[in-house]
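Please read the structure below before turning to the comments.
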Amino acid sequence: MRQLEVENQLRDVVSRIIVQVELATAQGRTDVNLALEDAFIPILKSVFNLPHLINLNRKQKNYPGIDLGDDHDRVAFQVTSTTGLEKVKFTVGQFMSRSYYNTFDELYVLMLGKKQSSYSQNAVNALLTEDFSFNCAKHIIDLGDILGMVTGLRLAAQERVLAEFRHILGEVDAFISIRSETVEAPTAITTNLQAIRLPDAVYVAELTINDKAVVERAKVELSYRGYAKGRRAVVKMALLLNDVQTDAWVCHDNKLFSFTDIVASGLVSIVDEGTVERLDVADLADSDEPDNVNVLKQLLAAEARQMLKARNVRAHPKDGFFFFVPVEDGQDIRREAWVGKASATRTVYVVRYQKNDPDKVLHHQHFSFELTFSNLGGTWFAQIVPSWYFSYNGFKRSNWHDKLLSKQKRLELNLSVRNAVRFVAYFLSNSSEANEADEADDTSLRFGTLLEFDVDRDGEEDVDDEDIASDAAFDDDVTDDEVAA
């Protein structure tokens, strides 16, 4: 159904924009919003029904306090990558001191990153007069709120907004990976784009499974309960019923795709062997059909999942990011050796215990990262976005995850983020080599080096030990009210 497909694509592209904006902000590039002011106009016009919305900075250079406005319907927007209360207060303060309420009846603060769970209305009220009102719950919005509004539009409008969001994602990617080339700083610039080598071939075959029969067998033989949530879940169960454990495959349009030779593997157990076909990877990579390119991207992600599973790194079943888990049962801390300019170690998993009751687990802290795959100028890259994941049992998300993550990120400096990206790139490169016995073999996904821009390095201070926020960044200062994770 086209409606569902568009909504899924909208969620995907918006989530990627949020992650990329947060990465840019973490790297100190808080001016990413300046590159996106014009790009958001078509979207805001659609969801707020503001046909006269314009970029006020085109009208007056660096229009103080607000960025976009429709003086016909009297609505203004401030677009920002900063999500704290101080930014809201500054915006409202500018709005009031310059008497913009004479021109605009409503002010929205559009945050490009994920907004906080709440903002102090009292702090904002102290800046207001009877001439203007600002409701934090209503007028502070983020891309998640915009996405909710888009789902209420007609399909044709949703498709137009989807195209605009894809344009915005391209703008953010360009800002992160290309703008760095022109930054005037005496340092070497390392991007978060890691070159990859695609396998030579993709194998495809028609699936032959009966979904209903698979589910019934799974209830008996795999202790499965409930109903399959999608075709992929059914295919996964069919493979498990045939004692095939691999995740390195994608199902699409009743076909199974894999970089692995289907006939020579257990995958053949669920397909029509007579339909197995070998395609050059370029048939998908260079295709003009978006579905073909999307299948390849999904296949790269699936191959990475399978590869990293052997290194005790799991993919989150819902959100898709990767997170480190203990190597063995009962392990309280896991460290990984890596090499930057020198040998170093990084803590990638730790169990935190309550201060008042050291026998009780507070939460599990996992180093995590997101991978997305893109073709940029004919070269394929994996885009790395490092982060943290907090669970209550080593796998399932803690109820305190968002609060803990926000606190964790406040501890990190730009150098910490850079070194986190470098560590992930090193780990991925080593994982792909360990997964491939013969380096001349062209059948496996290989991770190469990070894309860098050569600039004057005089005066740069490299830090390649665990990085300056390593174990210090594993914060212990957590209150006991967070026990109910």
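The values are calculated or read from the model by the stated rules, or taken from the named source; none is laboratory data. Quick caveat, the model's predicted, so the values are computed rather than measured. Heads up, the Cβs are rebuilt from the backbone with ideal geometry, glycines too, and the neighbour counts pull from every protein chain shown. Side chains included, ligands, DNA and RNA excluded: accessible areas come from the protein's heavy atoms. Shrake-Rupley method; radii C 1.70, N 1.55, O 1.52, S 1.80 Å.
I need the full set of residues from region 196-216 which are surrounded by fewer than 16 Cβ atoms within 10 Å (Cβ to Cβ), in contact (Cβ under 8 Å) with a residue 12 or more places away in the chain and part of a helix (DSSP H, G or I), in order please.
Of everything in region 196-216, just one residue is surrounded by fewer than 16 Cβ atoms within 10 Å (Cβ to Cβ), in contact (Cβ under 8 Å) with a residue 12 or more places away in the chain and part of a helix (DSSP H, G or I), namely D211.
Taking L107 as the residue in question, decide whether it is closer than 26 Å to K403 by Cα, open to solvent by less than 10 Å² (accessible area, probe 1.4 Å), touching a residue at least 40 places away in the same chain (Cβ under 8 Å) and not hydroxyl-bearing (S, T, Y).
No, not satisfied.
Anything in region 336-353 that is surrounded by 14 or more Cβ atoms within 10 Å (Cβ to Cβ) and assigned to a loop (DSSP other than H, G, I, E, B)? List them, or say none.
The answer is G340, and nothing else.
Condition first: among the β-branched types (V, I, T) and buried (at least 19 other Cβ atoms within 10 Å of the Cβ). Now tell me which residues in region 359-371 satisfy that.
First, the residues of region 359-371 that are among the β-branched types (V, I, T): 361.
If the condition is that a residue be among the β-branched types (V, I, T) and buried (at least 19 other Cβ atoms within 10 Å of the Cβ), then no residue fits.
Table: residues versus (1) charged (D, E, K, R); (2) modelled with pLDDT of 90 or more; (3) more than 25 Å from the chain's Cα centre (by Cα); (4) at negative phi.
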{"residue": "K59", "(1), (2), (3), (4)": "yes, no, yes, yes"}
{"residue": "N62", "(1), (2), (3), (4)": "no, no, yes, no"}
{"residue": "Q78", "(1), (2), (3), (4)": "no, yes, no, yes"}
{"residue": "T82", "(1), (2), (3), (4)": "no, no, no, yes"}
{"residue": "F90", "(1), (2), (3), (4)": "no, yes, yes, yes"}
{"residue": "M111", "(1), (2), (3), (4)": "no, yes, no, yes"}
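Which residues, taken from region 64-105, are outside any helix (DSSP H, G or I), touching a helix residue (DSSP H, G or I) at 6+ places or on another chain (Cβ under 7 Å) and β-branched (V, I, T)?
Passing the criteria: I66, V75, V79, T80, T82.
When the residues of region 359-403 are filtered to those that are of a type in the set (S, T, N, Q) and assigned to a loop (DSSP other than H, G, I, E, B), which remaining residue is farthest from R166 (Cα to Cα)?
My answer is N393.
Give me the helices (runs of 4 or more DSSP H) completely within region 120-162, filtered to those with at least 1 residues that are modelled with pLDDT under 90, ordered by residue number.
Because the criterion is at least 1 residues that are modelled with pLDDT under 90, the helices (runs of 4 or more DSSP H) in region 120-162 that meet it are 143-150.
Would you mind telling me which numbered condition in (1) surrounded by 11 or more Cβ atoms within 10 Å (Cβ to Cβ); (2) modelled with pLDDT under 95 N356 fails?
Here N356 meets the rest and fails (1).
Any residue at all in region 19-41 that is small (G, A, S), at pLDDT 85 or above and either part of a helix (DSSP H, G or I) or crowded, with 17+ Cβ neighbours inside 10 Å (or both)? Talk me through it step by step, then tell me what you get.
Taking region 19-41 first, the residues small (G, A, S) are 24, 26, 28, 35, 39.
Next cut, at pLDDT 85 or above only: none.
No, region 19-41 has no match at all.
Restricting attention to region 274-316, and to residues there that are of a type in the set (D, E, K, R) and more than 23 Å from L376 (Cβ to Cβ), which single residue is surrounded by the fewest Cβ atoms within 10 Å (Cβ to Cβ)?
E277
Any residue at all in region 379-390 that's at pLDDT 80 or above, closer than 22 Å to L296 by Cβ and surrounded by fewer than 16 Cβ atoms within 10 Å (Cβ to Cβ)?
Scanning region 379-390, I find at least one residue that is at pLDDT 80 or above, closer than 22 Å to L296 by Cβ and surrounded by fewer than 16 Cβ atoms within 10 Å (Cβ to Cβ), so the answer is yes.
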